[in-house]
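Read through the structure below, which is laid out as structure tokens, and then see the notes.
The values are calculated or read from the model by the stated rules, or taken from the named source; none is laboratory data. Remember, predicted model here, so these are calculated numbers, not experimental data. FYI the Cβ positions are ideal-geometry reconstructions off the backbone, even for glycines, and counts take in every protein chain you see. Just the protein is used for accessible areas: all its heavy atoms, side chains included, with ligands, DNA and RNA removed. Shrake-Rupley method; radii C 1.70, N 1.55, O 1.52, S 1.80 Å.
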Amino acid sequence: MWYRRLCRTPGSPGHVVGRIETPGIPRLDRKSVKTIGKVANLEKRTAEQVGLELKNGLGIAHTRWATHGFPSEENAHPHLDSSGRFAVVHNGIIENYQVLKKHLQDQGVKFASETDSEVLSHLIAQCYNGDLFDAVAGALKKVTGTYAIAVISSEHPGVMVVARCGSPLLVGVGSGEMFIASDAAAIAGFTRQVIYLNDHDIALVTSAEADIRSLDNVAVNRNVSCIDWEPEAAEKSGFDHFMLKEICEQPEALANTIRGRLDTRAANARLNGLNLSPYELARIHRIVIAACGTSMHAGMVGRYYFEDLAAIPVDVEQAAEFRYRNPIIQPDTLVIPVSQSGETADTLAAVREAANKGAIVAAVCNVVGSTIARESGRCIYLHAGPEIGVASTKAFTCQVSVLLMMAMLLGRNRRMSYQAALELIAEIENIPQLVREVLETRSHIETVARKYAKADNFFYIGRGYLYPVALEGALKLKEISYIHAEGYHAAELKHGPIALLEDKVPVLALANDLPGKDKMIGNIQECRARCSPVIATATTGDLEVEDMVDDVIRIPRCSQYVAPIVTAVALQLFAYYIARERGCEIDQPRNLAKSVTVE
Ligand code: F6R
């Protein structure tokens with residue numbers, strides 16, 4: 001059942017895994033099993049066709065996230081060459097596959113799938129001259145695009161050739177066995193020792209060693225790192241879903257993010273991964289935050305922090321657009337890529353673009369040793385523990401906390417007073433407790449959520465610090481419940497979207513008692529005048545909003561700096577309970593992958 005344990009990590013479609021035990025798989029034992037749907041389907045079919053355990057041999061597996069061709073058995077990996085001797089699993093996109101495919105077809109090669117990946121197995125077969133390593137290296141020199149691949153051949157029992165370019169890949173070092181995977185969470189239950197491969201690395205892996213080389217066959221040295229969390233952290237621990245577990249463990253995750261980073265004597269933050277002297281900090285005159293999805297929403301909260309606390313102008317960039325827009329980057333620009341996985345292709349491309357243009361790059365990542373963390377040179381880790389549920393929850397709140405501490409550091413380097421910093425430190429230290437208080441209201445949030453679970457459309461509105469939280473709340477709801485949800489600045493509704501409001505379209509208004517609340521009350525009235533049911537977040541003890549809305553979700557009193565974190569937790573729970581009421585696949589929503597390693 002090794003492939004199940006390796007593949008089971010929810011949210012890992014698109015990932016590649018493999019395992020090598022003692023050498024010597026008899027040729028007749030070669031089997032390839034494919035299914036569509038869940039890994040459990042594959043487990044069942046494998047049990048029927050092969051038996052559940054990998055005995056004395058090696059295997060590769062892949063949970064495909066469809067790029068070229070529908071999810072079907074034909075398009076599922078591994079892809080074999082026409083002779084059936086070479087099997088390949090591939091994560092990434094072969095951009096020149098059409099040219100290569102046409103060329104191969106002209107030579108009489110028959111293709112069995114619609115995928116781009118299949119060209120690899122045929123190319124390897126063509127390049128094969130008795131040496132598997134050379135054949136794979138030869139094939140890879142012909143392709144452009146991104147890949148993490150694992151290749152095995154019936155001609156070479158006990159040997160796997162793996163390579164990466166643009167998609168993550170690591171080798172797990174076991175005792176008398178080796179593993180390969182796209183994500184450490186897949187192998188943490190087998191070994192803690194991992195070697196992260198770099199782009200253009202290719203390795204010949206046996207049960208005893210990994211010989212890592214460049215595509216030109218020059219040996220390269222890669223360090224062995226240790227996975228810094230316990231394998232149990234990647235278990236559900238009695239929760240129905242990883243998402244709920246990860247929402248509920250936020251007090252601990254946030255405490256881990258904050259721990260050791262606040263210095264009350266100096267009234268400052270201590271962020272070792274940043275590694276910039278006060279002189280270098282003072283030279284930063286602009287900040288660009290590049291990120292995708294939830295991480296971008298965290299970056300949008302960060303913009304408010306940097307501008308308010310440090311008076312540094314900030315642009316938040318959709319990482320996918322950053323590279324292609326030819327952004328203006330100067331030597332005094334600090335670029336902050338924000339990424340839970342540290343592997344998001346678009347964010348990684350932004351890191352490379354920023355570094356090329358001479359920016360100071362300092363990442364905010366969760367996954368230690370991830371590509372973005374390594375390539376940025378500087379990284380402030382979240383220490384949130386593995387996030388398995390596809391919908392990002394604890395990473396968001398921890399990212400926002402890190403950005404708040406960064407802003408305090410830059411603020412203290414400029415205009416923020418000792419006293420103001422001390423007050424902020426006290427607030428940051430109280431975040432885990434405030435989040436605990438929100439979690440204690442879970443059952444009320446569940447009751448409210450169930451009431452709205454049948455809605456087809458939803459609006460989330462916010463202002464100021466809670467505007468990005470409205471965007472994030474809407475994203476959470478749509479991705480796990482499949483309800484169409486839009487996040488808007490509350491003032492923006494009247495510029496178009498208000499046309500959609502009616503009695504079947506609920507509005508979730510973030511009406512905490514913070515600057516801008518009076519304006520939000522006006523916006524709530526506008527929604528009510530269009531007959532939309534309104535659910536509001538309101539500060540505990542603030543009764544003003546209560547009378548004008550249908551339902552209230554209480555948020556403990558806190559400043560605008562901390563409110564985005566605490567309020568986001570309530571919205572995560574709200575989305576979770578709606579999705580559960582609708583019977584959705586919460587940890588693995590359709591069409592989504594945990595780390596998006598294709599552009
Ligand atoms: C949504 C979600 C995604 C990710 C995005 C970036 O819940 O998880 O929007 O935030 O794909 O991923 P990272 O943070 O790994 O770069």
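What whole number of Å gives the distance from the Cα centroid of the stretch 338-398 to the Cα centroid of the stretch 185-253?
Using only Cα atoms, the two centres lie 16 Å from each other.
Could you list which residues have their amide H under 5 Å from that of residue 368, counting only those 5 or more apart in sequence or on another chain, with H placed in the peptide plane?
Long-range HN contacts for residue 368: none found.
I'd like the Karplus ³J(HN,Hα) series for the stretch 267-281: coefficients 6.51, -1.76, 1.60, θ = phi - 60°, whole numbers in Hz, and an x wherever there's a Gly or Pro.
Along the stretch 267-281, the couplings run 6, 7, 9, 10, 10, 4, x, 6, 6, 10, 6, x, 5, 5, 4 Hz.
5 Å is the cut-off here: which amide hydrogens, built 1.01 Å from N in the peptide plane, fall below it relative to residue 165, excluding neighbours closer than 5 in sequence?
Residues meeting the criterion, in which the H sits 1.01 Å from N, are 147, 148, 200.
List the lysines whose Cα sits under 25 Å from the Cα of residue 31, skipping any in the same chain fewer than 8 residues away.
Counting by Cα, and skipping residues close in sequence, residue 31 has these lysines nearby: 44, 55, 110.
Accessible area per residue of the stretch 439-599 at 1.4 Å probe, in Å²? List each step's numbers first, then the result.
On the way: 6210 Å² over 161 residues.
Result: 39 Å² of accessible area for each residue.
Skip the ligands, DNA and RNA, and give the accessible area per residue of the stretch 237-324 with a 1.4 Å probe, whole Å². Walk me through the numbers on the way to the answer.
Values: 3660 Å² over 88 residues.
About 42 Å² of surface per residue is accessible.
Tell me the relative contact order for the stretch 195-289 as a rounded percent, counting alpha carbon contacts under 8 Å between residues six or more apart. Display every interim value, and only then the final one.
Working: 49 pairs, mean separation 12.3, N = 95.
Relative contact order here is 13 percent.
Would you mind calculating the relative contact order of the chain from Cα pairs under 8 angstrom and at least 6 residues apart, reporting the percent as a whole number? Walk me through the intermediate numbers first.
Numbers: 1315 pairs, mean separation 74.6, N = 599.
Worked out over the chain, it gives 12 percent.
What is the percent carbon and sulfur in the accessible area of the chain, measuring with a 1.4 Å probe over the protein chains and ignoring ligands?
Numbers: 11260 of 23280 Å².
About 48 percent, which is the carbon plus sulfur part of the accessible surface.
Got a sec? Charge dipole of the chain, +1 on Cβ for Lys and Arg, -1 for Asp and Glu; which of 388, 151, 293 is way out at the positive end?
Going by the Cα projections, it comes out as 151.
Apply 1/(1 + (r/R0)^6) to the Cβ-Cβ distance of residue 422 and residue 540, taking R0 = 22 Å, and write down the FRET efficiency to the nearest 0.05.
Details: r = 25 Å, r/R0 = 1.12.
FRET efficiency, residue 422 to residue 540: 0.35.
Of the cross-linked pairs 454/476; 102/594; 357/594, which ones have a Cα-Cα span greater than 26 Å in the structure shown?
Working: 454/476 16 Å; 102/594 33 Å; 357/594 29 Å.
Check vs 26 Å cut-off fails for 102/594; 357/594.
Taking R0 as 51 Å, what FRET efficiency do you get between residue 220 and residue 318 from their Cβ-Cβ distance, rounded to the nearest 0.05?
Numbers: r = 34 Å, r/R0 = 0.66.
My answer for the efficiency is 0.90.
If you find the alpha carbon centre of the stretch 506-531 and of the stretch 279-331, how far apart are they in angstrom?
29 Å
Quick one: which residues, 5+ away or cross-chain, put their amide H under 5 Å from the amide H of residue 225? H built at 1.01 Å from N.
Answer set, sorted by chain and number: 194, 195, 196.
Evaluate E = 1/(1 + (r/R0)^6) for residue 548 and residue 72, where r is the Cβ-Cβ distance and R0 equals 56 Å; express this FRET efficiency to the nearest 0.05.
Working from the Cβ atoms, E equals 0.60.
Using θ = phi - 60° and the Karplus curve 6.51 cos²θ - 1.76 cosθ + 1.60, what whole-Hz ³J(HN,Hα) does each residue of the stretch 286-297 get, with Gly and Pro shown as x?
7, 10, 10, 9, 10, 6, 10, x, 4, 5, 5, 4
Report, to two decimal places, the Cα Rg of the chain normalised by 2.2 N^0.38 Å (N = number of residues).
Working: Rg = 25.2 Å, N = 599, 2.2 N^0.38 = 25.0 Å.
Normalised Cα radius of gyration, the chain: 1.01.
Using per-residue counts of other Cβ atoms within 10 Å, averaged over each peptide, order 256-266, 145-155, 395-405 from highest down.
Working: 256-266: 15.5, 145-155: 23.8, 395-405: 27.8.
My ranking of the peptides, most packed first, is 395-405, 145-155, 256-266.
Run the 1.4 Å probe and let me know the accessible area of residue 452, rounded to the nearest 10 Å².
Accessible area, nearest 10 Å²: 20 Å².
Order the peptides 540-548, 434-442 from the highest to the lowest mean number of other Cβ atoms within 10 Å of their residues. All intermediate terms of the calculation are to be shown ahead of the outcome.
On the way: 540-548: 13.1, 434-442: 19.1.
Packing order, densest peptide first, comes out as 434-442, 540-548.
Which order, highest average first, do 373-386, 493-506, 463-476, 517-530 follow once you tally other Cβ atoms within 10 Å for each residue and take the mean per peptide?
On the way: 373-386: 22.0, 493-506: 14.2, 463-476: 26.2, 517-530: 16.5.
Output ranking for 373-386, 493-506, 463-476, 517-530: 463-476, 373-386, 517-530, 493-506.
Of 229, 65, which has the most accessible area and how do the rest follow, probe 1.4 Å? Working shown, then result.
Numbers: 229 45, 65 90 Å².
Greatest to least solvent exposure: 65, 229.
What value, in deg cm²/dmol to 500, does the helix sum -39500 (n - 2.57) over DSSP H runs of n ≥ 4 give at 222 nm once divided by the residues of the chain?
Values: 19 runs with 206 residues, N = 599.
It lands at -10500 deg cm²/dmol.
Residue 416: net charge of surrounding residues, Cβ under 11 Å, Lys/Arg +1, Asp/Glu -1, itself excluded? Mind dumping the intermediate values first?
Details: positive: 412, 414, 415; negative: 308, 423.
Net local charge, residue 416 excluded: +1.
So, counting K/R as plus one and D/E as minus one, what does the shell of residues with Cβ under 12 Å around residue 521 add up to?
Details: positive: 463, 517, 519, 528; negative: 513, 518, 526, 542, 544, 546, 547.
Local net charge: -3.
Tell me the per residue accessible area of the stretch 34-107 using a 1.4 Å probe; a whole number in Å² is fine. Don't skip to the end; give the middle numbers.
Values: 3900 Å² over 74 residues.
Normalised by residue count, the accessible surface of the stretch 34-107 is 53 Å².
Provide the per-residue ³J(HN,Hα) series for the stretch 325-331, in order, calculated from phi with Karplus coefficients 6.51, -1.76, 1.60 and θ = phi - 60°, each as a whole number of Hz, with x at glycine and proline positions.
Working through the residues one at a time gives 8, 6, x, 8, 10, 10, x Hz.
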